[in-house]
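Computed from the coordinates by the stated procedures, all read-outs in this text should not be read as laboratory data. Everything numeric in this text was worked out from a predicted model, so none of it was measured. Neighbour counts are summed over all protein chains in view; Cβ atoms, including those assigned to glycine, are modelled from backbone coordinates with ideal geometry.
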Amino acid sequence: MKSLFSLFAILLLFSCDSGRTNRNPYLQDIGFRVDLNLNLPSYSALKNTGSGVYVGSQGVGTKGVFVINTGFDNFMAFEASCPNHEPSSCSTMVLDDDRQNVTCPCEDYKYNLFTGQFLNRPEEGDTKYHDMLFYSTSINGNVVTVRN
């Protein structure tokens, strides 16, 4: 019985993951849910594939969210606060004219709404940069739900 316990303890020890998570230190994990009715003028652009909108309602994310229609009734949603510095007066990103990218006014960092990827990442030594923070989406009829 003692050897069985020792074997179990050894297996448990080796199954532990010593890797660190890649948690963004600048953005808090905020729980929320928002429903976007695509029949309303504010969100009607989401009926078109490749078109994004900004949702800046109180209590939605840190600085709001960006939502984009990626096609075939699929939507992506991302935090509107720039993921590469603490939230500040300039950290709310702005939707570009193409409605598919956003820019942080603090440093002109640019991100893609289809993937959340940091597009113009500086090439500086060991500095760690983050892509946009992703939120879950679902659709039911003409209502897109974004939640965290």
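Here are some notes:
- Failed criterion for residue 136 (all others in (1) closer than 17 Å to residue 50 by Cα; (2) among the small types (Gly, Ala, Ser); (3) in a strand (DSSP E or B) hold): (1)
- Criterion violated by residue 139 - all others in (1) surrounded by 15 or more Cβ atoms within 10 Å (Cβ to Cβ); (2) of a type in the set (A, V, I, L, M, F, W, C); (3) under 16 Å from residue 56 (Cβ atoms) satisfied: (3)
- Filter result for residue 145 (under 15 Å from residue 52 (Cα atoms), free of Cβ contacts under 8 Å to residues at least 24 places away in the same chain and not in a loop (DSSP other than H, G, I, E, B)): no
- Matching residues, segment 65-81, being within 12 Å of residue 134 (Cα to Cα) and part of a loop (DSSP other than H, G, I, E, B): 80
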